[in-house]
Amino acid sequence: MENILKIEKIEKYYGSRFSLTKAIDNISFEVEKGEFVAIMGSSGSGKTTLLNCISTIDSVTSGHIYVGGVDITKLKGNHLNKFRREELGFVFQDFNLLDTLTAYENIALSLSIQNIPPKEMEERIKNVADNLNIKDVLKKYPYQMSGGQKQRVASARAIITNPKLVLADEPTGALDSKSARMLLERFNYLNKELEATILMVTHDAFTASYATRVIFIKDGKIFNELHRGENTRKEFFDQIIDVVTLLGGDLNDAL
Amino acid sequence: MMLCRLSLKNIKKSIKDYAIYFFTLILGVAIFYVFNAIDSQTVTMNVTSSTQEIIKLMVNMLSGVSVFVAFILGFLIIYASRFLIKRRNKEFGIYLILGMSKRKISMILFLETLFIGLLSLIVGLALGTLLSQLMSLVVANMFEANMTKFTFVFSKSACIKTILYFAIMYVLVMVFNTIIISKCKLIDLLHSNKKSEIIKLKNPILCVFIFVVSVSILGYAYFLVTAGFKNLDSADKIFKPIILGVVSTFLIFWSLSGLLLKIVKSLRKVYYKGLNSFILRQISSKVNTTVFSMTIICLMLFITICVLSASLTLKNSLQANIEKLAPADIQITKRMNWVDEGHTKEDIEDAKKDLLESFSDSHFNINDYVKELVEVNIYETQDLTLNHTLGTLLEEIRKQYIFLRYDEEETIMKLSDYNKIANLYGNKEYSLEKEEYLIVADFASMVEVRNIALSKKETITVFGHTLKPKYTECQDGFVELSAQHINAGIIVIPDEVVDENYKTHNVLVANYKVKTKEEKMEIESIMIKASENIPSIVYYNTKLDIAEASIGLGALVTFIGLYLGIIFLISSAAILALKELSESSDNKERYNMLRKIGTDEKMLNKALFRQIAIFFLVPLLLAIIHSIFGITFSVKILEMFGNEELLPSIVMTSVFIVIIYGSYFLITYTCSKNIIKERRR
């Protein structure tokens, strides 16, 4: 299996010499092609910092991050932007859609900044809209859509460029349970049928249970790791809950 | 004390946000000072007393205009500060939560306004003092005074006036700020930047319809002021095209965004290229909310362009006209007939003498002072008025031109007399057959009227002879020295037709024997004294007087034009800049999002540049189109001042616009770029 993401001993420090905070303290792991990995942890555990480092929004203090064999901690300026736009797809908690554009235009935007001709664009958007069940909302503006629809449009935007890795930051955080389930089922579909590699950050055990692997983080370190294997989602969910209990009461609110 | 430190820190912190505000204040103060300091600059100049009169008039008018300017600047400052307060809602919200009273917040704002006001006054006055040194060169050049030595002038009165006016404005701003603060609610303050935007899309078909309608209304308004110019014979009729123009401008801006979106969207290749869809949507979502201010800005720019170019043209034509229309040094006219009762026999007898006789009576030897002396006579008769000249076409013309005085007696001259004058002036000389006449005129609208009759070969009857016109249109020429084309028409007839009993005026035209201006002024005063010694009524007209009056008029118009033009330009540019800046900070999140999905910095900056450029250019473009017609119209109004070439003044106007408008654009772009810049942790 091909390694999509390889994280080697990364550290991230905040603050000055006198009051040092280790947001990430020596984390290493790998993600293979076609995996759906969830990173779990309570707030302040460093999971969002980790995601920001992988997405090049933030930089690491030491260590290396390889995406498709390229060390992204060495990239600078417009190479970073190029990397972000061609190799990564993003789904954010608060959707981050442009409210002035329609759903179609929002999705098209990530193609048009790669100078893809409109004809090809139309076909690809049609395809992805089919896959994510958003064909009826393509002409609508964000304010006319429900949260679930918005997040699926954002997901469409994230995967339309065929990125090596899709990064999702609390994608269900702003959704009701029904929309969350629907979105996660779509994620599963994308993962299984389209072989999209997804790395998702969440503090919610239910959301995490849709993944094929869950990595637990506490105080900037990897605490535990679970593989779903042949278990059903329900069984996997119970396993996750066990770890959460082990982690301490912090994550109880995640239920 | 704490409040004082807080407000100072606030200013320092938000100096980038305040840059435009500050820049505008400084410019406003500087310009206000410069134009009010003109009088103290002219004091040091060596000019004649009549020029001094004109300068006095000009200074009075400028200070009147200053009141108007103060109003405009006052509104601008209040608008700008209200804008800046809105930007800081969250900050005030936090103060309130911390338990600060509204009174204290008002106090902070008060202190901030005070600091900014003081600073801008000091910097503005310093800049104004520097600029006014430049201005004194302009003033001296304008009044053709020779600046023998450069003196540094500081006008105390202008300085005090500037401080006073701006102090009043700042006090008003403080009052407004207090009112705003006392009215606001905490919850609104804290949540002010969380309101989600609802995009109101206009029906594209309606937009196209409205656009077409407004363009045709505008076209009609343009037609009214250019091709339909003749029908604008009374002042109130001019309001129709103005109102039509304003309304259509508003509607064009209203429909433009929808139309543009519709057009570009249909060009898929353009719309889905790079960030074009984003830029276009940004613009169309904004234009919806800024139609009103766009209209105001467009109209202000239009006024700026027209005022600047018209005033500069007027000045140039005035100067060019003097050379052409006052080709001799002096002209003395004596009234020769007294038809009315109530004059003594001596008066009537004296009036019958011509000027040369009168001069020699008073032992004044005119030939000691002048050369190239020409003496001619003018005749008038009740039997030849405009009514008669127009003949059978009178009724038709009367309907079209209701304001002419049709029963005024025509000015009649002998052919030989007219040729003598024309020879001296360097104008064309004419010849006539026995039964012919011709009309010389250069006042364009009278030429138009007379040409109607001449083209129909209307004959006239004068002193018992019937004459037919030699030419089918008026000939160019004049007798009276003047600064403008004001010759409404002189009927030139063959010498043998003239009846000497109808002689009404005796006219002397001559050049002085000397060369320099000082010597000419000396001779002129001798000549004028001699003319005033003649008991009958004598008028005189001299090139020096005409030149001075017209220089004064030119300077007056230019200064007022410049003053108003620059203030209008600054106001419109400042409003636009403030709007754009606040848009940029509202759009910060959007740009951040674009960055997150991997857009290049270069692409982002290009998008920002285009967005701001379009916002600055669209009102300017429409204003330029308006101005093409506006200037054509004003040229027609001012045509009696001569049609000097427009190009130089249009170039000058463009320079002003490029410098002021352009620098506002650049500042806006630079500040916006800073606002949307990513702040790396």
Quick one: is A:Arg124 facing another protein chain (nearest Cβ under 9 Å), among the basic types (Lys, Arg) and touching a residue at least 12 places away in the same chain (Cβ under 8 Å)? no
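Scan segment B:592-619 for residues that are within 14 Å of another protein chain (Cβ to nearest Cβ) and touching a Phe, Trp or Tyr at 6+ places or on another chain (Cβ under 8 Å) and jot them down. Don't jump to the end; show me each part of the working.
Step one: filter segment B:592-619 for residues within 14 Å of another protein chain (Cβ to nearest Cβ), giving B:592-607, B:611.
Residues satisfying the conditions are B:Leu594, B:Lys596, B:Ile597, B:Gly598, B:Leu604, B:Ala607.
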Given (1) buried (at least 22 other Cβ atoms within 10 Å of the Cβ); (2) in contact with an Asp or Glu (Cβ under 9 Å, 6 or more places away or on another chain); (3) within 14 Å of chain B (Cβ to nearest Cβ), A:Cys53 misses just (2)
If a residue must be out of contact with any Gly (no Cβ under 9 Å at 6 or more places or on another chain) and not in a loop (DSSP other than H, G, I, E, B), how many such residues does segment A:24-47 contain? 9
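Sort through B:Ile94, B:Ile108, B:Ile72 and tell me the only one that's of a type in the set (A, V, I, L, M) and closer than 17 Å to B:Phe166 by Cβ. It would help to see each step written out before you state the result.
Working: B:Ile94 fails: closer than 17 Å to B:Phe166 by Cβ; B:Ile108 fails: closer than 17 Å to B:Phe166 by Cβ.
B:Ile72 is the lone residue from the list that is of a type in the set (A, V, I, L, M) and closer than 17 Å to B:Phe166 by Cβ.
Looking for something within 14 Å of chain A (Cβ to nearest Cβ), under 30 Å from B:Gly662 (Cβ atoms) and in a helix (DSSP H, G or I) - is there at least one such residue anywhere in segment B:565-584?
The answer is yes, given that some residue of segment B:565-584 is within 14 Å of chain A (Cβ to nearest Cβ), under 30 Å from B:Gly662 (Cβ atoms) and in a helix (DSSP H, G or I).
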With B:Glu323, B:Glu372, B:Glu380 as the choices, which residue is free of Cβ contacts under 8 Å to residues at least 60 places away in the same chain, away from chain A (no Cβ under 14 Å) and surrounded by fewer than 20 Cβ atoms within 10 Å (Cβ to Cβ)? B:Glu323
Test: B:Ile452 is within 18 Å of B:Thr333 (Cβ to Cβ) and out of contact with any Cys (no Cβ under 6 Å at 6 or more places or on another chain): no
Those residues that are among the hydrophobic types (A, V, I, L, M, F, W, C) and in contact with a Gly (Cβ under 7 Å, 6 or more places away or on another chain), I need them from segment B:423-440; list them, please. B:Ile439, B:Val440
Residue tally, condition among the charged types (D, E, K, R) and closer than 14 Å to A:Phe95 by Cβ, over segment A:112-159: 4
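Please find, within segment A:127-144, the residue that is farthest from A:Lys47 (Cα to Cα) out of those that are facing chain B (nearest Cβ under 10 Å) and crowded, with 18+ Cβ neighbours inside 10 Å.
Filtering segment A:127-144 for residues that are facing chain B (nearest Cβ under 10 Å) and crowded, with 18+ Cβ neighbours inside 10 Å, the one farthest from A:Lys47 (Cα to Cα) comes out as A:Tyr141.
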For residues in segment A:96-111 being more than 7 Å from chain B (Cβ to nearest Cβ), surrounded by fewer than 24 Cβ atoms within 10 Å (Cβ to Cβ) and touching a helix residue (DSSP H, G or I) at 6+ places or on another chain (Cβ under 8 Å), which is modelled with the highest pLDDT? A:Tyr104
Check B:Ile402, B:Ile332 and return the single one that is in contact (Cβ under 8 Å) with a residue 40 or more places away in the chain, part of a loop (DSSP other than H, G, I, E, B) and under 38 Å from the mean Cα position of the chain (by Cα). B:Ile402
Conditions: (1) surrounded by fewer than 22 Cβ atoms within 10 Å (Cβ to Cβ); (2) assigned to a helix (DSSP H, G or I). B:Leu594 meets all but one. Number of the miss? (1)
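Kindly indicate which of B:Ile97, B:Ile122 is touching a residue at least 40 places away in the same chain (Cβ under 8 Å), surrounded by fewer than 18 Cβ atoms within 10 Å (Cβ to Cβ) and assigned by TED's automatic domain parsing to the domain that holds B:Gln41.
B:Ile97
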Number of the exception - A:Gly148 against (1) away from chain B (no Cβ under 12 Å); (2) under 14 Å from B:Met593 (Cβ atoms): (2)
Give segment B:359-380 a look and list any residue that's over 22 Å from B:Glu519 (Cβ atoms) and at pLDDT below 85, or say none. B:Ser360, B:Asp361, B:Ser362, B:His363
Segment A:63-95 - residue that is at positive phi and surrounded by fewer than 22 Cβ atoms within 10 Å (Cβ to Cβ) and, of those, nearest to the other protein chains (Cβ to nearest Cβ): A:Gly77
Among the residues of segment B:544-567, is any over 22 Å from B:Leu137 (Cβ atoms), touching a Ser or Thr at 6+ places or on another chain (Cβ under 7 Å) and surrounded by 22 or more Cβ atoms within 10 Å (Cβ to Cβ)? no
Screening B:Lys286, B:Lys273, B:Lys269, B:Lys265 for residues that are within 14 Å of chain A (Cβ to nearest Cβ) and not in a helix (DSSP H, G or I) leaves only B:Lys273
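The values are calculated or read from the model by the stated rules, or taken from the named source; none is laboratory data. As the structure is a prediction and not an experimental result, all values here were calculated from the model. Counting neighbours? That spans all protein chains shown, and the Cβs are built from the backbone with ideal geometry, glycine included.
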